[in-house]
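To keep things clear, I will list the structure first and then write my remarks on it.
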Amino acid sequence: MRSKNVEREIEELRETLRRHEYLYYVLDQPEISDAEYDGMMRRLQKLESQHPELVTPDSPTQRVGGKPREGFVKVRHSSPMLSLDNALNEDEMRDFDRRVRSLLGDERFEYVAELKLDGLSMAVHYHDHRMRQAVTRGDGQVGEDVTENARTIRSLPLKTRSDPAAFESRGEVIMPRKALEKLNAEREQQQLSLFANPRNAAAGALRALEPAITASRQLEFFAYFLYVDGKFYSETQWEALQTLTQLGFKVNPYKAKCSGLDEVIEFYRHWETKRESLPYEIDGVVIKVNSVRQQQALGWTAKAPRWAVAFKFAAHQAETAIEDIQVYVGRTGALTPVAFLKPVNIGGVTVSRASLHNEDEIGRLGVEIGDRVLVERSGDVIPKVVRVVRKGHERRPFRMPKHCPVCGGEVVREEGEAASRCINTNCPARLQQSILHFAARGVMDIDGLGDVLVDQLVTRGMLKSVADIYDLKLDQLLELDRMGQKSAEKILRNIDASRKQPLPRVLNGLGIPFVGERTAQILADTFGSLDAIVDADEETLQQAEEVGPKVSESIRQFFHERRNRELVERLREARLTFEHTVRKKSSGPLAGKIFVLTGTLPNLAREEAKARIEAGGGKVTGSVSKKTDYLLAGADPGSKLDKAKDLGIPVVDEAEFLAMLKGSRSAAE
Ligand code: IVH
């Protein structure tokens, strides 16, 4: 029986969690430990799963509640989301300032200078203090409804604390550098192409078909506009930023009120030199006339406001010469051609190498050794060769070697693949990379087992397999260059501690192509032990969520190889974790049941109904099929009702549905 106490505890937990989310994600000033936060979150999840009828979409548990979807609904913006004109240098900025001054006559005015965040813009709608809908910019007129994914952005409030109650906030969704690095490292491991910049990566994450993917990408939302009834809410941009802050939004702290062009240029120059110190990418500053009345007087062109401009930083590009092209051998044996450049300073960083990815890319660029090229550095991503500027006098084409530069083994390029690979599975370069991956942070976390050490251990024959890590002895380590007793002991302690790493990490550490952190977690959750995964055939493997033919084939092939099975046996002997407590399968009164919604329910909004079904262990899908268990129908149902009747699928109304949730009517009835 539900008591008032439970309701009160749930509401208190929500309020407390919201406050700590705000302190952590918006203000960057946590007051409690992650463990305390997790503890409260688990308690709330538990209470909500026992009382699914109390779940609301603004509960902190609902950020990642959504299930995969088939596409995004198009939504027309309340007013167009236009773009900004660019000023590419100080002269163009002066032109902008002159135009503003002449259009405003003799009136005094101020600018607000903000950072130009390198992400994508998004509009978020709130009613009754609650986040209701988030829409991407799209073509400026029509965007895509990404509400479920946007909910996973922790700095975006699901519930606001002050007035106005109904409004629209527009701002920028960004992916911090660290998150992009991590994502690209995972993609490299899965042999997927890397994201060239944070903007593309953020856009990809926001449009992921599964909210859990968006959640894992650590996106942030910085708000910069506030509209009520389609109009700017405040009298000035500066006030709008204050109000957004009060509402609980993350507003970029680096902003300035400028009384004229000189101060604007000062702000710009400051951030041009300091941009690298930020945890995210910026590509310029945005200058806005502060007063909304003056903004209205200046008006808009068809494309952009006349009262604002994007004052862009010069692209991080420079010309230099390619002195050589050499290949690197990765963990999977893939050979990556790397351009060795005459060192060049690009935006304060000396660049001497750039990846050329593969033979096709070299062909596309038409680049040869000795050429002068334009090199670009965007964010933390590997510098890239943009194009050939001038062909070298004595240029020399690059040819992919027929033999591995490290072990001399045969190099093969399979049909349909971009990469050429060394096929010697004992290649020391492959071994070295495999060991580094196994020991890496976030995998087995063996601190101290880095590049230089692994290189020595492999060269001296002390590591011939990943499993040899667990046989390393103190005197062996002490033989190595610059290795003291203390460091050696510490490394051995770290190796020992890694035996306790959970199964998903062990699985990730094996380096099975296409099995990264996430897939490893899913496999462990689904099968519960390493042995069950080793023994599973492809069909069985595909029962795991997100595992399709490509991944299952790769896993099968991996464990088919004798050397990999031997590796597994040796890791078992080394007492690594092979078992896994499977996360509880969905439980609750609606466990495993598939619902389709149609029509308008008397009390529950669609979103609320969906959240409650999911919290009760059920699923919601978009269309009626033989797999559907129930159609939840309200007023004015569509063709789904006819279809459900045709297929003999039970139709329930809101009251019956609520009864099912309380368990007074079993879902199996
Ligand atoms: S204001 C009418 N402020 O830059 C559009 N935009 O190049 C006014 N951006 O589409 C936008 N940081 O995606 C504004 N502080 C900021 C911004 C910002 C990044 C992006 C935004 C916009 C693009 C225009």
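Side notes on the structure shown:
Residues are listed down the side, and each one gets a yes or a no for (1) at positive phi; (2) in contact (Cβ under 8 Å) with a residue 24 or more places away in the chain; (3) touching a Leu at 6+ places or on another chain (Cβ under 8 Å):
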{"position": "Ile522", "(1), (2), (3)": "no, yes, no"}
{"position": "Ala536", "(1), (2), (3)": "no, no, no"}
{"position": "Phe558", "(1), (2), (3)": "no, yes, yes"}
{"position": "Arg575", "(1), (2), (3)": "yes, yes, no"}
{"position": "Gly588", "(1), (2), (3)": "yes, yes, no"}
{"position": "Val596", "(1), (2), (3)": "no, yes, yes"}
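- Of note, Gly171 satisfies the criterion of being among the small types (Gly, Ala, Ser), within 11 Å of the ligand (Cβ to nearest atom), closer than 22 Å to Thr243 by Cα and surrounded by 24 or more Cβ atoms within 10 Å (Cβ to Cβ).
- From the list Leu158, Leu219, Leu226, Leu180, the lone residue that is within 24 Å of Ile522 (Cβ to Cβ), in contact (Cβ under 8 Å) with a residue 12 or more places away in the chain, buried (at least 21 other Cβ atoms within 10 Å of the Cβ) and touching a strand residue (DSSP E or B) at 6+ places or on another chain (Cβ under 7 Å) is Leu219.
- The one condition from (1) in a loop (DSSP other than H, G, I, E, B); (2) in contact (Cβ under 8 Å) with a residue 60 or more places away in the chain; (3) of a type outside the set (Lys, Arg) that Asp28 does not meet is (2).
- For the range 256-306, a tally of residues being in a strand (DSSP E or B) and not small (Gly, Ala, Ser) returns 11.
- Of the set (1) assigned to a loop (DSSP other than H, G, I, E, B); (2) crowded, with 18+ Cβ neighbours inside 10 Å; (3) more than 25 Å from the chain's Cα centre (by Cα), all apply to Val309 but (1).
A quick yes/no check of all residues on (1) of a type in the set (Asp, Glu); (2) free of Cβ contacts under 8 Å to residues at least 12 places away in the same chain:
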{"position": "Arg396", "(1), (2)": "no, no"}
{"position": "Lys402", "(1), (2)": "no, yes"}
{"position": "Glu414", "(1), (2)": "yes, yes"}
{"position": "Val443", "(1), (2)": "no, no"}
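This table checks each residue for (1) within 16 Å of the ligand (Cβ to nearest atom); (2) closer than 30 Å to Val285 by Cβ.
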residue	(1), (2)
Ala315	yes, yes
Glu319	no, yes
Gly348	no, yes
Asp371	no, no
Arg377	no, yes
Arg399	no, no
Pro405	no, no
Glu410	no, no
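- Among residues of the range 82-130 being over 26 Å from Lys250 (Cβ atoms) and of a type in the set (Gly, Ala, Ser), the one that is nearest to the ligand (Cβ to nearest atom) is Ala87.
- Gln295 under 24 Å from Val367 (Cα atoms) and touching a residue at least 12 places away in the same chain (Cβ under 8 Å): no
- Boolean, Lys250 is in a loop (DSSP other than H, G, I, E, B) and either in contact with a helix residue (DSSP H, G or I) (Cβ under 6 Å, 6 or more places away or on another chain) or acidic (Asp, Glu) (or both): yes
- Residue within the range 158-165 that is farther than 21 Å from Glu220 by Cα, more than 16 Å from the ligand (Cβ to nearest atom), in contact with an Asp or Glu (Cβ under 6 Å, 6 or more places away or on another chain) and not acidic (Asp, Glu) present: yes
- Among (1) at negative phi; (2) touching a residue at least 60 places away in the same chain (Cβ under 8 Å), the one test that Gly511 misses: (1)
- For Tyr37, the stated conditions hold: it is buried (at least 18 other Cβ atoms within 10 Å of the Cβ), among the hydroxyl-bearing types (Ser, Thr, Tyr), without any contact (Cβ under 8 Å) to a residue 60 or more places away in the chain and assigned to a helix (DSSP H, G or I).
- Criterion applied to Ile287, Ile325 was being away from the ligand (no atom under 16 Å from the Cβ), at pLDDT 95 or above and in contact with a strand residue (DSSP E or B) (Cβ under 8 Å, 6 or more places away or on another chain), and the one residue passing it is Ile325.
- Some residue of the range 150-161 being of a type in the set (D, E, K, R), closer than 19 Å to Lys250 by Cβ and in contact with a His (Cβ under 9 Å, 6 or more places away or on another chain): yes
- The range 460-502: number of residues that are more than 34 Å from the chain's Cα centre (by Cα) and not in a helix (DSSP H, G or I): 13
- Cross-chain or 6+ apart pairs with Cβ under 8 Å, the range 309-334 first and closer than 24 Å to Arg94 by Cβ, then of a type in the set (Val, Ile, Thr) and not in a strand (DSSP E or B): Phe311/Val264
- Single unsatisfied condition, Leu341 versus (1) at positive phi; (2) in contact (Cβ under 8 Å) with a residue 12 or more places away in the chain: (1)
- Failed item in (1) farther than 27 Å from Ser83 by Cβ; (2) of a type outside the set (A, V, I, L, M, F, W, C); (3) surrounded by fewer than 22 Cβ atoms within 10 Å (Cβ to Cβ), with Arg207 passing the rest: (1)
- Residues in the range 653-668 that are at pLDDT 90 or above and within 17 Å of Ala615 (Cβ to Cβ): Glu654, Phe657.
- Residues being crowded, with 18+ Cβ neighbours inside 10 Å and among the aromatic types (Phe, Trp, Tyr) - total across the range 14-34: 2
- Test: residue in the range 203-218 that is more than 11 Å from the chain's Cα centre (by Cα) and hydroxyl-bearing (Ser, Thr, Tyr): no
Matching residues to (1) within 28 Å of Arg14 (Cβ to Cβ); (2) modelled with pLDDT of 90 or more; (3) in contact with a helix residue (DSSP H, G or I) (Cβ under 6 Å, 6 or more places away or on another chain); (4) in a helix (DSSP H, G or I):
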residue	(1), (2), (3), (4)
Asn149	yes, yes, yes, yes
Ser155	yes, yes, yes, no
Pro164	yes, yes, no, no
Gly171	yes, yes, no, no
Glu186	no, no, no, yes
Ile213	yes, no, no, yes
Phe222	yes, yes, no, no
Glu239	no, yes, no, yes
Leu244	yes, yes, no, yes
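- Condition check for Thr214: without any contact (Cβ under 8 Å) to a residue 12 or more places away in the chain, of a type in the set (Val, Ile, Thr) and either buried (at least 20 other Cβ atoms within 10 Å of the Cβ) or within 15 Å of the ligand (Cβ to nearest atom) (or both): no
- Residue within the range 136-146 that is farther than 16 Å from Glu607 by Cα, of a type in the set (A, V, I, L, M) and modelled with pLDDT under 95 present: yes
The values are calculated or read from the model by the stated rules, or taken from the named source; none is laboratory data. From a predicted model like this one, the values you see are computed outputs, not experimental measurements. Here the Cβ is made from the backbone with ideal geometry for all residues, glycine too, and neighbour counts use every protein chain on show.
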